[in-house]
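Quick notes on the structure that follows.
The values are calculated or read from the model by the stated rules, or taken from the named source; none is laboratory data. For clarity, every value in this text was computed on a predicted model and none was experimentally measured. Glycine gets a Cβ as well: all are built from the backbone with ideal geometry, and neighbour counts include every protein chain shown.
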Amino acid sequence: MVRHHNAPVDTSMLLFHLLSTFAAFAAASGSDDPLISKYPGLVSWFTSNGGKIDPRITIGYDDKGIRGMIASDGIPGGTVLIDCPGSLVVKPEDTGNQCAHVENIHDHLKAGEQSKWHTYFDFDDSLGSRVPSEWRTDRRAMTELQGLPPSGQTHRHIEWFRSHCKAGQEPSDLEIRAFKIFLTRAADMGLIPMYDLMNHHNGKINTRLQKSDDGGLLVIALTDIAPNEPIYNTYARSGWESSVDVFNTYGFVEDYPQLWQWGDAELDEKNENDPLHHFFRYIGNKLNGESSDLMTYQPNSPKYEVLVLSPDIAALFPTKDLVSILGNGQRSMEEWIDLIDKHHRVLRASAVSAMQDSIKNLFETLPTTIEEDKMILASEKYAMEKVARKGRNDTNKADVVQAVEYRLAFKEALKLAMDIAQKGTFEEDSDEL
């Protein structure tokens, strides 16, 4: 794809038209969802096998049209929302063997109605979504990332499965489905019915997890949950995984807060030469107004990283302490702004300058701008839905939309980081980092 150099045109109305058409079709197509109608049957199966779920929980759509678990009525904080006993967790005998997990799922899928978990797997909608591991390597989606992370790593999950679990052999379609279910839905202990219906959100997280004595799991309301409010889990707690990782595994761009990471050859060399290089992004003698304590400001990542809270608020080089709340609790925007301001005041200007240079160099390699990507995305979505209205499902078009949507979000995060780097107040230092 090349940069367009045509004469300027007013694209705002065209963009509005394309997005409006897409939204209208999406709303209409979601009006009769079999997973919503099948939910009572899943609840009946779950409770008849020893599980418990609060009756105020259902499956529906949030205000953005995203399907997930929501509260049909107000639920007080501290309420046990889901109690999945160990007897309902789908797991192999060797729970530490990931290949065994996939094989166990495959066996249950193959058993069909003979499996105790048939109703649970019948409710599975893994085939209704796409993840980068499924992209065809000879199609457009691969190049539409434009070299941004996770370019070169999009198929690492499926490649791991082939090499470690299939001895290099090509898996069957049913094995691929089993692997995708494991990749996108499994917890450490295995597949946990009902728990895995919660969507991901690190900013609005309103549940906490507690292992039960019988090897099962309790999902407990972390806060009061209002009627029609989604019930959220997290797929990337405490900054352990970035928005790049979330996209590469689950196939979606997460809502704010987002944690974007990237690197370059120069940074890689510095980190290789000095494993503690990234610790010196912060001025030690000003941490919290106390004596030097580098561990207080331990970097979350040795890579370049920006924590994005909104379209105009972000933290450069966040620390582990700053991101520790992600997936574990909620923080008001006022609290975020105050913490980020304090954080930036002990961040070395030389580190920020290095990030600026990296972003500038990265943007120079990208063939399209943010504004062009907005138009491309709207056009690709319109083309995809036009095909869908004819009763066809074009996965290649869906993959392209997925890739463009992701790269646009990444570029917007990079631009915001650049803006903050230029306008923010940081600790001036004479050393080059």
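Only residues that are under 26 Å from residue 86 (Cα atoms) and either surrounded by fewer than 17 Cβ atoms within 10 Å (Cβ to Cβ) or of a type in the set (Lys, Arg) (or both) were counted across the range 158-184, and they come to 3. The residue that is nearest to residue 314 (Cα to Cα), counting only those in the range 185-228 that are β-branched (Val, Ile, Thr) and surrounded by fewer than 19 Cβ atoms within 10 Å (Cβ to Cβ), is 223.
Listed here are the helices (runs of 4 or more DSSP H) enclosed by the range 81-157 that have at least 3 residues being surrounded by fewer than 16 Cβ atoms within 10 Å (Cβ to Cβ): 98-111. In summary, helices (runs of 4 or more DSSP H) completely within the range 314-383 and bearing 1 or more residues that are closer than 28 Å to residue 234 by Cα occur at 320-323, 333-345.
The residue pairs whose first member lies in the range 104-116 and is touching a residue at least 24 places away in the same chain (Cβ under 8 Å), whose second member is of a type in the set (Gly, Ala, Ser) and assigned to a helix (DSSP H, G or I), and whose beta carbons are closer than 8 Å, counting only pairs six or more residues apart or on different chains, are 105/178; 106/178; 109/178. Sub-7 Å Cβ pairs linking a first residue in the range 383-405 that is assigned by TED's automatic domain parsing to the domain that holds residue 373 to a second residue that is of a type in the set (Phe, Trp, Tyr) and not in a helix (DSSP H, G or I), at least 6 apart or interchain, are 399/135, ordered by first then second residue.
Conditions (1) among the aliphatic types (A, V, I, L, M); (2) surrounded by 16 or more Cβ atoms within 10 Å (Cβ to Cβ); (3) within 21 Å of the chain's Cα centre (by Cα); (4) at pLDDT below 95, marked per residue:
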{"position": "366", "(1), (2), (3), (4)": "yes, yes, no, no"}
{"position": "385", "(1), (2), (3), (4)": "no, yes, no, yes"}
{"position": "406", "(1), (2), (3), (4)": "no, yes, yes, no"}
{"position": "410", "(1), (2), (3), (4)": "no, yes, yes, no"}
{"position": "418", "(1), (2), (3), (4)": "yes, yes, no, no"}
{"position": "428", "(1), (2), (3), (4)": "no, no, no, yes"}
{"position": "431", "(1), (2), (3), (4)": "no, no, no, yes"}
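Looking at the structure I just gave you, is residue 199 touching a residue at least 40 places away in the same chain (Cβ under 8 Å), among the polar types (S, T, N, Q) and under 21 Å from residue 120 (Cα atoms)? In short, yes. Only one entry of 67, 56 meets the criterion of being assigned by TED's automatic domain parsing to the domain that holds residue 222, more than 26 Å from the chain's Cα centre (by Cα) and closer than 19 Å to residue 233 by Cβ, and that entry is 56.
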